[in-house]
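Notes to accompany the following structure.
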Amino acid sequence: MVVEAGTDRDIETAFATFAQRAAIALFIGSYAFFNSRRERVAALAVRHALPAAYSLREFATAGGLMLL
């Protein structure tokens, strides 16, 4: 499933959608929007128990699971 987010509220909605649809993992692209919110994105992945792979090292240092 692909979910796009362009606002902070969209990020919250996206994670609710992932949980509702029983996603088993995430890949977060290397867009400036997500990079500037990396701590929030990583925290939501942890809170929802979703393993997440990121394309930027900054996500891993912000608490993300793994770097691809």
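Overview of results
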item: Counted residues, the range 35-57 - those being surrounded by 17 or more Cβ atoms within 10 Å (Cβ to Cβ) and not in a loop (DSSP other than H, G, I, E, B); result: 8
item: Pair list, Cβ under 6 Å, 6 or more apart: the range 56-68 residue farther than 9 Å from residue 39 by Cα and at pLDDT 80 or above, other residue surrounded by fewer than 17 Cβ atoms within 10 Å (Cβ to Cβ) and polar (S, T, N, Q); result: 56/30
item: Of all residues in the range 1-34 being in contact (Cβ under 8 Å) with a residue 24 or more places away in the chain and assigned to a loop (DSSP other than H, G, I, E, B), the one that is surrounded by the fewest Cβ atoms within 10 Å (Cβ to Cβ); result: 24
item: Per-region count, the range 59-68, residues buried (at least 16 other Cβ atoms within 10 Å of the Cβ) and in contact with a Lys or Arg (Cβ under 6 Å, 6 or more places away or on another chain); result: 2
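The values are calculated or read from the model by the stated rules, or taken from the named source; none is laboratory data. Note that this is a predicted model, so its numbers are computed, not measured. Every residue, glycine as well, gets a Cβ built from its backbone with ideal geometry; the counts of neighbours run over all protein chains shown.
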